[in-house]
1. Assuming R0 = 35 Å, what is the FRET efficiency of residue 256 and residue 113, from their Cβ-Cβ distance, to the nearest 0.05?
2. Dividing the alpha-carbon radius of gyration of region 175-245 by 2.2 N^0.38 Å (N being the number of residues), what value is obtained?
3. Would you compute the Debye intensity of the chain from its alpha-carbon atoms alone, equal scatterers and no solvent, and pass along log10 I(q)/I(0) at q = 0.12 Å⁻¹ to two decimals?
4. At a Förster distance of 25 Å, what's the computed FRET efficiency of residue 230 paired with residue 68, Cβ-Cβ distance as r, to 0.05?
5. Would you mind putting 97-106, 112-121, 61-70 in packing order, based on average other-beta-carbon counts within 10 Å, highest first?
6. What is the spin-label model distance, in nm, from residue 33 to residue 145 if the labels are put 7 Å beyond Cα along the C-beta direction?
7. Mind checking the angle between helix 13-34 and the chain's longest principal axis? C-alpha axes, 0 to 90 degrees, to the nearest 10.
8. From the square roots a ≥ b ≥ c of the eigenvalues of the alpha-carbon gyration tensor of region 66-170, which class results: rounded (a/c under 1.5), prolate (a/b over b/c), or oblate?
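Rule-based calculations on the coordinates, nothing more; no lab input. None of these values were measured; they are calculated from a predicted model. Please note: Cβ atoms are built from the backbone with ideal geometry, for glycine as well, and neighbour counts cover all protein chains shown.
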Ligand SMILES: Cc1ncc(C[n+]2csc(CCOP(=O)(O)OP(=O)(O)O)c2C)c(N)n1
């Protein structure tokens, strides 16, 4: 790959879809090693990560401390399996390192942290990502850098007070180089957010906090690309892109699970899952 990936999508939608399929296979490879995990999250967010890491973000996999790089901040440490897949595919660390996922002493822990090359923050304790991303975006501006900050947070994190304090600060400082993606997958550890502590109307809440807001199908690569382009055209406010995603997306065996937060998978199910992830949508089965 080129050393610094081009900003603003100079790759085709089918290429990005192919990347997303590869990321899903990487997620399954890692999860199979440990037989369980946050598989649904990794599969559900593969489309976003394909767009960011293989089209949109400016970064250099061989120079992770390049000050001008765009930042991807993963607030939700338990989604790290998805980010490991993207970083390995991008060449930040060797593909074979994925086989150490979850093992003692591995740099690929089940809940991601800064020991992993390419991670910008340690995210196990939820509700801190937006505050850190706001700080980073403000820091870039003060330093005169063009870097953009992309954040991925979850619907469960909308129940944290710290999220809304940071949202207020982001709007106050008019951080328009900050894009926060909110993964609304409709689940959290104890069930649906609606039954734990209701979060809707999510769009209206971000709007009321002064953000430029869009809500899209987070598993539609074309829609993700379009939403990022629209965010670039709207200056003076930070951007929230709410993603409606399906946990387990791309593997029907997992898409159908009622509780998908942390799954255990029977040994014989992995081959089926792999086969399903390899199938190209629309291709004859
Ligand atoms: C501050 C904090 N509180 C609680 C937890 C425990 N916890 C880990 S994942 C999780 C669910 C959070 O919701 P969400 O990220 O929406 O869940 P998912 O979509 O992954 O099912 C919780 C409560 C935590 N890690 N940090």
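1. That gives a FRET efficiency of 0.65.
2. In units of the globular-protein estimate, region 175-245 measures up at 1.15.
3. -0.70
4. 0.55
5. For the peptides 97-106, 112-121, 61-70, the packing ranking is 112-121, 97-106, 61-70.
6. The two pseudo-label positions are separated by 3.0 nm.
7. 60 degrees
8. Taking the square roots of the gyration eigenvalues as a ≥ b ≥ c, region 66-170 is oblate.
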